[in-house]
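Each remark here refers to the structure printed beneath this line.
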Amino acid sequence: MYQYNEFDRNFVNQRVAHYRDQTERYLQGDLSEEEFLQLRLRNGLYVQRLAPMLRVAIPYGTLSSQQLRALASISNDFDRGYGHLSTRQNMQFNWPALEDVPDILQALADVDMHAIQTSGSCIRNVTTDQFAGAAADEDIDPRPFCELLRQWSTSHPEFEWLPRKFKIAVTGATFDRAAIGVHDIGIRINGSSEQPENALVDIYAGGGLGRTPVLGALIREQLPVKHLLTYTEAIMRVYNRYGRRDNKYKARIKILVRALTAEGFKAQVDEEWAAINHEQGAVPAAELSRLSAFFAPPSFAELDNAGELLGTQRLENPAFNRWMKHNVHPHRVRGYSVVTLSTKTTGMPPGDVSSDQMDAVASWADSYGFGEIRISHEQNFVLPHIPQDKLYGLWQQADAVGLGHFNAGLISDMICCPGGDYCSLANAKSLPVAEAIQRRFADYDYQHDLGNLDLNISGCMNACGHHHVGHIGILGVDKKGEEFYQISLGGHAGHSGESPRLGQIVGPSVAREEVCDVIEKVIQVYLEHRFVGETFLSCFNRIGILPFKESIYAKAA
Amino acid sequence: MPRLLKKIHGDWQICDVAEISWKTQEEWRAGSALQVSVDAEPAPGWLDASSIAIEFPAMTDGRGLSLAVLLRNRLGYSGELVARGSVHQDIAHFLARCGFDVIELPDEERLETALRWIDPHTGYYQPSVISRESALNNAS
Ligand code: HEM
Ligand code: SF4
């Protein structure tokens, strides 16, 4: 992973000093609430329903064991002993005191971390494939390019005060696990990690969820990667100058792209790019090699696949067998596997992890996996490089602390926002709905039979829970002061290999008590109509929404 | 006399200055001081201004930053560039790196804060209007 040098360390330390001074001036009354709001947001500090919330950047979801231990002690020293994995691969603390935040930021800086630009109308943490550098379907490791973008966008003098927040996602694999189609900028890198300077990039712009969900448009194909920063600069400048600032619901880049049309927007960006001295601004090949070297594969041992051993272990232990089936993914190197540690245990809010769990994950990363940890946008931990003969031991330890659930990719592995329990913008609670669904569909054989099924829940149309791209999406709405839920079907984020698509709303919203029944009806329709081996999504694509509508809204006989 | 933050021979200072009579784009002619809004489109004629001010409608309005970059890098304007209006002391360092060399602030305390934090880092990740150096170029 990327290692800070003196420059990076100075930078984050100086950022902490600046923010400490801003906090002190606010507490002395020299900065108004309004002024301080803008400054604290750019350091990840929100003030929420119950308390402040601090969002810590985990650049492109990659974390060392030492960093995860530091997060665990921060959660003990300054919070209530837990943290929350977010859908943008960050970690959030829900109860820090505003006065303590400079000290928390210093504790982060001490392990080469920060909370810079994790909120506010600026370029946010760049996200990517949680299996980067390990996945069997990867062409090129996206992380060096993410780090390039992270550095370039950090305190960029021109782009810190945009019309609205700005999210960039990058992928380099066949299956897009980074959901690049629903980001302000989505980047697909083509090439090989051996020659990063020869990579070519496809750039999508104008995607996003929220109250107006839009899929990004492909505005540039096969751009030589040395131009990645100048082309991004051109996009940012057009957006910064012409994006709407009069209405925050119309301020995302997607609205600008739509107003200009994708062709019109592209023409404007290309014109701006032509005017930039893009040879002077090109990323030197030496810089790309320097960054890529940080992400060179760890020193993998020469191992054989442990098929026989695993076969025996799986036969002996059905619970391990289930976990192997769903939570262990193919690695690019023989004898290794990628492991998802699910946080979606019934009764726990999706993505919440205790400090003990963080410490445990860090120690497994050290014992088995080169000290490397990832956070997925599905709000789970990932250990990217586990030798296959260690899987059984790892699973036993994980299971003992509530991280050994078999459900990765299944219906109970839902994405869910904090909703009405924590969030002041919510129309409805989301956590109790998630829990009720997990309880209803707890049976393993049933879940396994359903196969991969993305169920995503948001407590309001801001769409933090990505409901638009769930195979089943659930959205909290307010109906005359009461909490209702709108169901949509057939969305997907792109990780199945197809291009992403937004779900279709199935009909009038339903009360909380009815949600589980409705989901069950949806699943019944699927089970009745599917061909052998047909996934929920393919089945939906074939039969359309009508049979689902008919079943859900059939008049009681 | 109004006091403001000004970069003189590369050094930022708080100083007294003579009041300038700013003209809007409509009233303005060559040799006088031009004040533009953040959504103005830069025109080559502006090179004849005695001074250019960009007026910020809100502290969060980043359009003035892009406009300043275009004036400096695209138009090649090298004269005085003034940030006016809803300018905030904690954004002064961004203004400085986008090529402003005069920053107006309403009171002495804000001027002092802005001066204290006009260059909060010993180095930056990206090149800017005022420096070609960056972490990215250092590698090569
Ligand atoms: C706790 C209080 C929270 C508040 C007040 C909040 C607020 C918002 C708002 C207003 C938006 C919509 C922005 C827009 O469309 O322009 C948004 C989007 C989003 N939020 Fe949150 N959020 C909260 C928590 C979270 C959490 C905990 C997560 C991660 C699990 C999260 C992940 C996201 C994501 C991924 C989006 C992106 C949707 C998009 O692309 O538009 N948020 N949030
Ligand atoms: S989707 Fe709505 S309710 Fe859920 S966290 Fe985001 S803003 Fe809050």
Calculated FRET efficiency, A:LYS480 and A:ALA436, Cβ-Cβ r, R0 30 Å, to nearest 0.05?
0.85
I'd like to know which of B:LEU71, B:ALA33, B:SER51 lies farthest towards the positive end of the charge dipole of region B:28-140, counting +1 on Cβ of Lys and Arg and -1 on Cβ of Asp and Glu.
B:LEU71
Out of A:ALA434, A:SER551, A:GLY503 - ranked by how far each Cα lies towards the positive end of the dipole of region A:415-552, with unit charges on the beta-carbon of charged residues - the top one is A:GLY503
Set Lys and Arg Cβ to +1 and Asp and Glu Cβ to -1, take the dipole of chain A about its Cα centre, and tell me which of A:VAL225, A:LEU537, A:ALA286 lies farthest positive.
A:LEU537
Divide the volume of the convex hull of the Cα atoms of chain A by its number of residues and quote the answer in cubic angstrom per residue.
153 Å³
Residue list for region A:9-26, given a label point 7 angstrom along the Cα-to-Cβ vector of B:ASP107 and an amide N cut-off under 17 Å
A:25-26
Say a paramagnetic label sat at a point 7 Å from the Cα of A:ASP443, along Cα to Cβ; which residues of region A:299-317 have their backbone N under 20 Å from it?
none
Give me a single rounded figure for B:126-133: the average over its residues of other chain Cβ atoms within 10 Å of their Cβ.
3
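Which order do A:SER153, B:SER131 take by accessible area at a 1.4 Å probe, largest first?
These residues rank, largest area first, as B:SER131, A:SER153.
Share of antiparallel DSSP beta bridges in region B:34-140, in percent to the nearest 5?
Roughly 10 percent of the beta bridges in region B:34-140 run antiparallel, per DSSP.
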Net charge contributed by nearby residues that have their C-beta within less than 13 Å of A:HIS468 (K/R +1, D/E -1):
+2
Residue by residue through region B:77-86, the couplings from Karplus 6.51 cos²θ - 1.76 cosθ + 1.60 with θ = phi - 60°, in Hz, x for Gly and Pro, are 6, 10, x, 6, 10, 10, 9, 10, x, 7
Note down the nm distance, to one decimal, between modelled labels 7 Å out along Cα→Cβ at A:THR345 and at A:GLU528.
3.8 nm
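Would chain B count as rounded, prolate or oblate if I go by the C-alpha gyration tensor, calling it rounded below 1.5 in a/c and otherwise prolate when a/b exceeds b/c, oblate otherwise?
Cα axes put chain B in the oblate bin.
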Any chance you could list the semi-axes, whole Å, largest first, of the equivalent ellipsoid that the Cα gyration tensor gives for region A:93-218, using √(5λ)?
27, 19, 14
List every residue whose amide H lies under 5 Å from the amide H of A:ALA428, counting only residues 5 or more places away in sequence or on a different chain, with H placed 1.01 Å from N in the peptide plane.
A:GLY420
Pull out the extension gain between A:SER499 and A:ALA97, defined as 0.36 nm times the separation in residues minus the alpha carbon to alpha carbon distance; nm, one decimal.
140.5 nm
Listed residues B:LEU71, B:LEU47, B:LEU105; largest mean-square fluctuation, Gaussian network over chain B with Cα springs below 10 Å, found at B:LEU47
Tally the DSSP beta bridges in chain A and give the antiparallel ones as a percent, rounded to 5.
80 percent
Checking every Cys Cβ in chain A against the others at 4.7 Å leaves as unpaired A:CYS122, A:CYS146, A:CYS416, A:CYS423, A:CYS460, A:CYS516, A:CYS539
Dipole in debye (nearest 20) - the protein assembly as shown, about Cα centre, beta carbon charges: Lys, Arg +1; Asp, Glu -1
1400 debye
Each residue of region A:516-524 in turn: what ³J(HN,Hα) in whole Hz from Karplus with 6.51, -1.76, 1.60 and θ = phi - 60°, glycine and Pro shown as x?
4, 4, 5, 4, 5, 5, 4, 5, 4
Give the distance, in whole Å, between the Cα centre of region A:284-342 and the Cα centre of region A:521-555.
35 Å
Mean-position separation - Cα centroids, region A:59-115 and region A:165-238, in angstrom:
28 Å
What is the spin-label model distance, in nm, from B:ALA30 to A:ALA293 if the labels are put 7 Å beyond Cα along the C-beta direction?
5.4 nm
Taking the Cα centre of region A:6-109 as origin, sum charge times position over the Cβ atoms of Lys and Arg (+1) and Asp and Glu (-1), and report the length of that vector in debye to the nearest 20.
460 debye
Shape call, region A:206-306: gyration tensor on alpha carbons, a/c limit 1.5
oblate
Scanning chain A for GluC sites (Glu not before Pro) in DSSP loops with at most 14 other Cβ atoms within 10 Å, what's the longest stretch left with none?
A:303-497
So if each residue of separation counts as 0.36 nm, and I subtract the Cα-Cα distance between A:ASP21 and A:GLU34, what length gain in nm does that give?
3.0 nm
Simple SL model, points at 7 angstrom along Cα→Cβ for A:LEU200 and A:LEU315; separation in nm is 5.0 nm
From phi via Karplus (6.51, -1.76, 1.60), per-residue ³J(HN,Hα) for region A:416-421 in Hz, x at Gly/Pro
8, 7, x, x, x, 6
Could you tally the net charge around A:LYS344, taking each other residue with its Cβ under 15 Å from the Cβ of A:LYS344, Lys/Arg +1 and Asp/Glu -1?
-3
Let me know the charge dipole size of region B:3-138 about its Cα centre in debye, to the nearest 20, where only the beta-carbon of Lys, Arg (+1) and Asp, Glu (-1) is charged.
440 debye
Measure of exposure for A:THR87: accessible area at 1.4 Å probe, Å² rounded to 10, is 30 Å²
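Among DSSP beta bridges lying fully in region A:134-294, give the percent that are antiparallel, nearest 5.
Antiparallel: roughly 75 percent of the beta bridges in region A:134-294.
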Is region B:1-84 rounded, prolate or oblate when judged by the Cα gyration tensor, a ≥ b ≥ c being the square roots of its eigenvalues, rounded requiring a/c under 1.5 and prolate requiring a/b larger than b/c?
rounded
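The values are calculated or read from the model by the stated rules, or taken from the named source; none is laboratory data. Just so it is clear, the structure is predicted and the values come from calculations on it, not from any experiment. With ideal geometry, Cβ positions are generated from the backbone for all residues, glycine too; neighbour counts draw on all protein chains shown. These accessible areas exclude ligands, DNA and RNA; they are computed on the full protein's heavy atoms, side chains included. Shrake-Rupley method; radii C 1.70, N 1.55, O 1.52, S 1.80 Å.
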